[in-house]
Amino acid sequence: MYRRPVKSSDIKSLGYDPLRGILELEFITGKVFRYGAISHEVFEELDQAESKGQYFWRNIRDTYPFEEGEEV
C-alpha cells in the first residue's frame, strides 16, 4: 500500500485503501500497523487532524482491529 509522509511527531506516514477500509500507519519508530474497518470519514479526520498522534490515540488505537506489519 502506498503511504505518504505526514507532519507528526508520532506518525511518519499513512496510507488508506478505501475499498477494503484499511488504514496503514508507519510510526517514527519504524513500526507499521494496519487497522481494519476504517471508514473514509475516520481516515479524513485523521488526515486533517492538527495532531495526528492525538487523533490516533483517542479515536483509532483501542477501537479498531489491527495487525502489525513489517518494519521499514
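Taking the range 3-28 as the range and being surrounded by fewer than 12 Cβ atoms within 10 Å (Cβ to Cβ) and touching a helix residue (DSSP H, G or I) at 6+ places or on another chain (Cβ under 7 Å) as the test, the residues that pass are S9, P18. Selection over the range 29-72 of residues that are at negative phi and open to solvent by 70 Å² or more (accessible area, probe 1.4 Å) gives a count of 21.
The values are calculated or read from the model by the stated rules, or taken from the named source; none is laboratory data. Values in this document were obtained by computation on a predicted structure and should not be read as measured data. Because the Cβ atoms are built from the backbone with ideal geometry, glycine has one as well, and the counts that use them run over all protein chains shown. Please note that ligands, DNA and RNA were not included when accessible areas were found on the heavy atoms of the full protein model with its side chains. Shrake-Rupley method; radii C 1.70, N 1.55, O 1.52, S 1.80 Å.
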